[in-house]
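Beneath this line is the structure, given in structure tokens, with notes to follow.
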Amino acid sequence: MKFIARYDSCHFRGARNALPSTINAEKTGQTVGRSDMPNHEIHCQYFSQEDLLGAGCLDLNMAMDAAEKAILDYKNGDVLFPEKIVQIFNDETQERINCLPATFTKEKVCGVKWVSVFPPNPVKYGMQNLSAVIILSEIEHGFPIAFMEGTLCSNIRVGAMGGLAAKYLARKDSEIIGFIGAGEQAKMHLIAMKTAVPSLKECRFAAKEPEEEAKFLEEMQPLLPDLKFTAANTDLSAAVSEADIIVTATSAQGPLLKAEWMKPGSFYSHIGGWEDEYAVAKQCQKIVCDDWDTVKHRTQTLSRMYKDGELTDDDIHGNLVSLLDGTLPGRESDDERTYFNAVGLAYADVAIAHAMYQRAAEAGMGQDLKIQNEMIFEHAHLKDWVRF
């Protein structure tokens with residue numbers, strides 16, 4: 001499967017070994033409409049979630065590599081990352097759709113994630129609360145190259161960022177990971193953490209209802225058969241009090257994680273909203289964010305602390321990029337408590353989506369999606385279609 005965009009008697013092909021930055025024009029000799037008219041067909045590729053999974057895109061090593069490169073490229077000025085557009089439909093429930101674009105200038109690819117977040121969905125309708133699609137375009141000619149299911153990529157990005165942080169902030173000999181929350185984000189985070197910290201031997205988990213824990217076990221145990229799974233029967237303390245790595249992955253707006261449950265030497269990956277009491281952050285020797293300037297203006301625990309005067313800029317060890325490039329140290333002792341807060345950087349989604357597109361294209365997955373046969377006024381039957 002290859003991307004084809006035909007224009008001015010040329011077609012442009014892009015695949016894994018011919019990225020948008022090296023697209024070459026070739027004469028096709030094909031015509032559309034009259035024989036003397038150039039070919040103006042535009043095609044891209046469509047990838048369903050099953051196409052991406054079948055191509056092996058649920059690969060956290062690939063995702064972490066793509067995210068790390070994207071973070072460093074952004075630092076070096078090679079990423080255009082405008083403000084996202086947020087449309088909130090219900091202030092109380094925060095039902096919303098976000099539009100998040102980013103462009104990688106060296107790769108000459110632009111992407112956008114269109115993502116909906118509807119928190120009431122799981123409880124009221126038994127449906128997932130997040131749904132996303134991603135569009136990728138090359139920027140030599142401006143044609144789309146891929147239209148992709150984006151929920152998989154979005155969830156992978158959350159896990160990948162936590163996994164990257166764990167490489168620098170978790171103990172290398174960590175054996176127990178504890179979860180508060182057992183939904184989609186927790187499941188993806190477990191795969192990421194096991195990828196980043198292979199020494200993990202046991203997963204303990206607590207959810208609001210025993211049924212959620214049972215589903216977590218049913219879905220995750222076959223994926224990680226070498227890991228011991230222990231359901232905490234909704235006891236949050238039992239899930240995390242002995243954990244080397246703690247993850248909170250809920251939609252809660254209240255302090256679920258207590259400071260006394262976080263043992264010395266543990267690493268905490270915070271991926272929700274307000275999920276931990278202020279004392280958790282206060283006892284940590286290092287607090288790292290994906291982007292602190294963004295985090296402090298949101299509604300997460302650290303954001304609330306900042307607004308309440310309980311946390312200052314000086315209390316933040318730094319951003320993840322400073323660990324990746326060696327500017328700042330990660331964990332420096334076995335007894336340090338460390339804290340990572342990711343608010344979400346959409347350029348990482350686009351980078352991971354681009355990597356997924358390349359792999360899926362190479363695997364021959366997906367299907368051709370025709371955008372147009374001709375330019376508007378070249379259509380021979382336009383006079384039959386126009387309405388006045």
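From the list LEU311, LEU302, the one residue that fits, being buried (at least 19 other Cβ atoms within 10 Å of the Cβ), hydrophobic (A, V, I, L, M, F, W, C) and within 26 Å of LEU72 (Cα to Cα), is LEU302. Residue check: is GLY183 of a type outside the set (S, T, N, Q) and out of contact with any strand residue (DSSP E or B) (no Cβ under 9 Å at 6 or more places or on another chain)? Here the answer is yes, as GLY183 does meet what is asked.
Taken over region 224-256, the residue count meeting the criterion of being in a strand (DSSP E or B), at pLDDT 95 or above and of a type outside the set (A, V, I, L, M, F, W, C) is 3. With respect to the stated conditions, GLY29 fails to be among the small types (Gly, Ala, Ser) and either modelled with pLDDT of 50 or more or surrounded by 15 or more Cβ atoms within 10 Å (Cβ to Cβ) (or both). Across region 333-348, a minimum of one residue is classified as surrounded by 12 or more Cβ atoms within 10 Å (Cβ to Cβ), modelled with pLDDT of 95 or more and over 30 Å from PRO264 (Cβ atoms).
Check region 274-288 and report whether any residue there is within 26 Å of the chain's Cα centre (by Cα), within 30 Å of CYS110 (Cβ to Cβ) and surrounded by fewer than 23 Cβ atoms within 10 Å (Cβ to Cβ). The answer is no, given that none of the residues of region 274-288 is within 26 Å of the chain's Cα centre (by Cα), within 30 Å of CYS110 (Cβ to Cβ) and surrounded by fewer than 23 Cβ atoms within 10 Å (Cβ to Cβ).
Within the bounds of region 61-75, is there any residue that is within 28 Å of LEU223 (Cβ to Cβ), in contact with a Gly (Cβ under 8 Å, 6 or more places away or on another chain), surrounded by 15 or more Cβ atoms within 10 Å (Cβ to Cβ) and at pLDDT 95 or above? Checked region 61-75: at least one residue is within 28 Å of LEU223 (Cβ to Cβ), in contact with a Gly (Cβ under 8 Å, 6 or more places away or on another chain), surrounded by 15 or more Cβ atoms within 10 Å (Cβ to Cβ) and at pLDDT 95 or above.
Out of SER131, SER137, one residue alone is within 18 Å of ALA249 (Cα to Cα) and modelled with pLDDT of 95 or more. It is SER131. Condition check for ALA281 on (1) in contact with a helix residue (DSSP H, G or I) (Cβ under 8 Å, 6 or more places away or on another chain); (2) over 28 Å from LEU80 (Cα atoms); (3) free of Cβ contacts under 8 Å to residues at least 12 places away in the same chain: one failure, at (3).
Taking the condition out of contact with any Lys or Arg (no Cβ under 8 Å at 6 or more places or on another chain), under 19 Å from HIS354 (Cα atoms) and crowded, with 16+ Cβ neighbours inside 10 Å, does ILE156 pass? Judged against the criteria, ILE156 is a match.
Residues that are buried (at least 20 other Cβ atoms within 10 Å of the Cβ), over 27 Å from LEU164 (Cα atoms) and not hydroxyl-bearing (Ser, Thr, Tyr) are absent from region 368-384 altogether.
Per the conditions (1) touching a residue at least 40 places away in the same chain (Cβ under 8 Å); (2) assigned to a helix (DSSP H, G or I); (3) within 26 Å of ASP335 (Cα to Cα), the sole criterion not satisfied by PRO264 is (2). Screening ALA67 on (1) in contact with a Pro (Cβ under 9 Å, 6 or more places away or on another chain); (2) not in a strand (DSSP E or B) shows it passes everything except condition (1).
The values are calculated or read from the model by the stated rules, or taken from the named source; none is laboratory data. The shown structure was predicted, so the numbers you read here are calculated from the model rather than taken from an experiment. Using ideal geometry, Cβ is built from the backbone for each residue, glycine included, and neighbour counts are taken over all protein chains shown.
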